[in-house]
Each structure stands twice: as C-alpha cells, then as structure tokens.
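The values are calculated or read from the model by the stated rules, or taken from the named source; none is laboratory data. As the structure is a computational prediction, the values presented were derived from the model and not from experiment. Here the Cβ positions follow ideal geometry from the backbone for every residue, glycine too, while neighbour counts run over all protein chains shown. The protein model used for the area step is the full one, side chains on, heavy atoms only, and it has no ligands, DNA or RNA in it. Shrake-Rupley method; radii C 1.70, N 1.55, O 1.52, S 1.80 Å.
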Amino acid sequence: MSHALIVIDVQNDFCPRGALAVPGGDEIVEGINALMSDFNAVILTQDWHPGGHSSFASSHDGKTPYEVIEMPYGPQVLWPDHCIQGSDGAMFHADLNTDRADMIVRKGYRQGIDSYSAFFENDHKTPTGLEGYLRTRGITDLTLVGLATDFCVNFSAVDAARLGFKVEVRMDLCRAIDLDGSLASAQSGMAAAGVTLV
Ligand code: VGL
Ligand code: ZN
C-alpha cells in the first residue's frame, strides 16, 4: 500500500482577499503542512488559466459571475477572473510547504475548457496525466485536502474513486464555496461514489 496526499488548489485567489475567495480558505494551510510527513507522496494541484479563459464571466458578453452557461462539454459555472497563469493570485499560499511536493499538476490551461478535477478536464474525458503518475509510482490510496470542497476537491475525489483508488477527503482540511447547496450535493455525490469523508 502506498498513500499520497493530494493538495487541491491552495492558491492566493481562493484565500481571503483573493479573486474567488473561499471563506476560511487560509485556515487549512497549517494543518495541511503538518500532514505531509505522514504520506509516501505529496502532490499539489494548481488552477492555471490563460487570460480570457472561457470559464470567466468576463469572457462572455452580458454574463456575470456565478451564472451557468451551456458549453459543448456540458454546463459551466462562470467565475470571476482567477488564477491567471503567472499572476500573484495563481501562486500557492505563501505559508504552504511546497518544498515537500513531489509533483505539481496544473489544470485549466486550455482556453476553451475548464478543469475542476485533478484527473480529467470538465469534458470528463481529457486526462491531466495524474492517473498515470500515481499508477506508475504504485500509489493505491489517496487523501484529498484543499479548495474548494464542492468544486475541485469534489470532482477530483469522485474521479479518483471511479478510477479505482481508495479515496478519503479530510473535510476539516477543506473549505467550500457553497453556491446554491453545492456543498451538500458534493458531499452526497462523493459518498455515493465511495469516497470516505473524514
Ligand atoms: C475552483 C472554481 C473555479 C476550485 C477552480 O479550485 O474549486 N473553483 N476554478
Ligand atoms: Zn478555475
């Protein structure tokens, strides 16, 4: 058994004062750092959008953040501009221990498609490569922490469980956006997919 910690999107834009601030997003950083030494591998993910990304409300005439539009790959929530490649908002929280990371997965870098999950883009088909990385390292068990519980953590956890990994989410080390009950539906969706919520 080999067990990886996957730290989802602990970036400035998802922390207080960020462009897409998740309430209490910075509260989890110390706890995540403290957990790192318990794992065989530590992987960080980084939301990494080009300017004018199709998930930004500002890229669609007349649309405002948090509206939902239909994209060729399905419904897409529109967000404030966030995590633009190379910007300060896209950097990891300054206190996150990035030295311990074996691997950093960037996602959402294609103009026309978002990627909440660390495994597949939002078409649920295009792989990020993380599955191959974990399998070739013999990793079977995953613990997920980070931001946001109801979007990137949720999509990553459900995909990982479907791929056959044994998946646990440390809810105390995640924080949610919670749009229209999205946290409750994420929790039931993760549980239904066989994810253990701790
Ligand atoms: C995320 C919305 C847009 C996340 C990323 O990390 O949960 N949410 N991009
Ligand atoms: Zn994003």
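Among DSSP beta bridges lying fully in the chain, give the percent that are antiparallel, nearest 5. Around 20 percent antiparallel, to the nearest 5.
When a/c reaches 1.5 or more, the comparison of a/b and b/c decides; with that in mind, is segment 89-171 rounded, prolate or oblate per its Cα gyration tensor? Since a/c stays below 1.5, the shape of segment 89-171 is classed as rounded.
Taking all protein chains as shown and a probe of 1.4 angstrom, Y133 keeps an accessible surface of around 50 Å². Solvent exposure of segment 1-104 amounts to 44 Å² per residue of accessible area, where only protein heavy atoms count and the probe is 1.4 Å.
Is the shape of segment 49-141 rounded, prolate or oblate, going by the alpha carbon gyration tensor and its root eigenvalues a ≥ b ≥ c, with a/c under 1.5 for rounded and a/b larger than b/c for prolate?
Verdict is oblate for segment 49-141.
Contact order normalised by length for the chain, with contacts defined as Cα pairs under 8 Å and 6 or more residues apart; what percent is it? Don't jump to the answer; show the numbers that get you there.
On the way: 437 pairs, mean separation 48.7, N = 198.
So the answer I get is 25 percent.
Between E67 and L163, the simple spin-label model (points 7 angstrom out along Cα→Cβ) gives 3.4 nm.
For E27, the accessible area of its heavy atoms, probed at 1.4 Å with every protein chain present, is near 120 square angstrom. This model, with +1 at the C-beta of Lys and Arg and -1 at the C-beta of Asp and Glu, gives the chain a dipole about its Cα centre of some 560 debye. With a Förster radius of 25 Å, plug the Cβ-Cβ distance of H60 and S185 into 1/(1 + (r/R0)^6) and report the FRET value to the nearest 0.05. After rounding, the FRET efficiency stands at 0.55.
Kindly identify segment 22-96 as rounded, prolate or oblate by the Cα gyration tensor criterion: order the square roots of the eigenvalues as a ≥ b ≥ c, call it rounded if a/c is under 1.5, otherwise compare a/b with b/c, prolate if a/b is larger, else oblate. Note, shape of segment 22-96 comes out prolate.
Potential lengthening of the chain between A34 and D141 amounts to 36.6 nm, from the contour at 0.36 nm per residue minus the alpha-carbon distance. By accessible area, using a 1.4 Å probe on protein heavy atoms only, segment 1-81 has 49% of its surface on carbon and sulfur.
Solvent-accessible surface (1.4 Å probe) assigned to I84 amounts to roughly 50 Å².
Multiplying the residue separation of E27 and A192 by 0.36 nm and removing their Cα-Cα distance gives an extension gain of 56.6 nm. To the nearest ten degrees, helix 182-192 and the longest principal axis of the Cα atoms of the chain are 40 degrees apart.
The alpha-carbon atoms of the chain, seen along their principal axes, cover 51, 32, 29 angstrom, with the largest extent given first. Considering only alpha-carbon pairs that sit under 8 angstrom and 6 or more positions apart, the relative contact order computed for segment 78-157 is 20 percent.
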